[in-house]
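Reading through the structure tokens given below for one structure.
The values are calculated or read from the model by the stated rules, or taken from the named source; none is laboratory data. Note that this is a predicted model, so its numbers are computed, not measured. Note that each Cβ is placed from the backbone with ideal geometry, even for glycine, and that neighbours are counted across all protein chains shown.
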């Protein structure tokens, strides 16, 4: 998009304003780079925050029930697993 604007500007610029046009293009390129770095920083911070949030969710999980139930113990399954 910026490239199309630069090409159109080159064909429509007056002789007196070429210097001003050049400075404008340089500033636009610098602003584009700054916006890219800004967006990249936002994405990095968000991913770090999500990682921290996931760690907190894992820390607060409810404990699982016991692996052996009363039925397993009554059926004698507990002894089978201990022997193996």
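For beta carbons closer than 7 Å, sequence separation of 6+ or different chains, a first residue in segment 47-73 that is at positive phi and at pLDDT 90 or above and a second that is surrounded by 10 or more Cβ atoms within 10 Å (Cβ to Cβ) and part of a helix (DSSP H, G or I), there are no qualifying pairs. Scanning segment 56-69 for residues that are loosely packed, with under 10 Cβ neighbours inside 10 Å and either in a helix (DSSP H, G or I) or touching a helix residue (DSSP H, G or I) at 6+ places or on another chain (Cβ under 8 Å) (or both) returns 56, 57, 58, 59.
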